[in-house]
Amino acid sequence: MTDVQLVPVTAAGAQTAIANGYTVYTTTITTPASTVTVPASTSTVLLAPVGWQTPIVTPPVTPPVTPPATSGPSGFPHPAVPSGMKELMWDDFTETTLSNQWGSPGNQMGAGKNAEGALWAPWHVTLSNSCLNLDAYQDTTLIGQWGVTTAESSAVDNWVAGETGTSPTIPLGYGTRILTAMRADSVPGLTAIALITALSDHKSEGDFVEINAPLTTNWATVHYGNGEQLAEYGLACNLAQWGVWGIQWDASTIEFLVQTSPTGPISVWKSYPNPDPTGTWAEEQFLSLQYQTNDSIYGANTPAFPVNSPSITAQNPARQQHDWVQICTGGS
């Protein structure tokens, strides 16, 4: 211990006494001499007479830690909104029914059937485990609804699947980016599809997912005008596993997007010049998610519908699944 004698100060200013390496401050206030014991472990001490306010020590500021974005079954987190854009829609399917951001399940693209003869029904669109499910199985209960005939059902051996699309109240135009975390079961005769198409006449179409079993080559296609299309372009992948797929378009370019790892970047895997910037592609679009029969993306190697698949039932359907959908707008 070290004894330090405080020196009474009656004049203005302050006097400093040094004792064994310790600095002791005295003030202008008159105070009787006193002896204060200073711990030897203290290197610098500020001493104050009785009645002074104890100095306030401000603790160091710890910067806040931003928690990582949460992710659902896919493991792919909520993507950041690109600079200059705003998030128009985010759905991670945690509810028990589809929100009003979506149109009528099963008939957004053609009242229960499409031009290729594929059949869809609302009850084949389900929500479970924070996923949107498009379920495929043999089902004759669609016959007689939305104009579906027995012959049309028999033509696909009564295979019915699911389809839904964004609501017409959410028109999507130039400067839009769409992403979805998705996967599908690999069943010959069933095609997993995600596309945009014109609200008015479906003459423009951008297929950013179109893939048959064994789900190892995804095809990008741009349709425009009166049936014209740009060449299909394939990307090696494994869509039986989760991944993020998307599309972004403006008056000059149509880009197809992919993210293969939850920690990896969202990258452009194919880019097309916009083939009809003032025509069909200038129209408002909507997003359609489809699981269907009668898709010939692989030509003759693709059966029109599943065969010899008794294990696929209403209780154990083949599924295309979407963990989430994000739509951002406001780009150039």
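Can you sort V258, V81 from fewest to most other Cβ atoms within 10 Å of each residue's own Cβ? Intermediate values should be presented prior to the final figure.
Numbers: V258 22, V81 15.
Fewest-to-most Cβ neighbours within 10 Å comes out as V81, V258.
Under a crude label model (7 Å from the Cα following the beta-carbon direction), how far is T216 from T96 in nanometres?
Using points 7 Å along Cα→Cβ, the separation is 4.3 nm.
Farthest toward the dipole's positive end in the stretch 198-332, which of T329, N212, S288, given Cβ charges of +1 (Lys, Arg) and -1 (Asp, Glu) about the Cα centre?
About the Cα centre, the residue reaching furthest to the positive side is N212.
Would the stretch 271-332 count as rounded, prolate or oblate if I go by the C-alpha gyration tensor, calling it rounded below 1.5 in a/c and otherwise prolate when a/b exceeds b/c, oblate otherwise?
Details: a/c = 3.68, a/b = 1.80, b/c = 2.05.
Oblate.
Laboratory data are not the source of any read-out in this text; all were calculated from the coordinates shown. A quick note: this is a predicted structure, and the numbers were derived from the prediction, not measured. Reconstructed Cβ throughout: ideal geometry from the backbone, glycine too, with neighbour counts over all protein chains shown.
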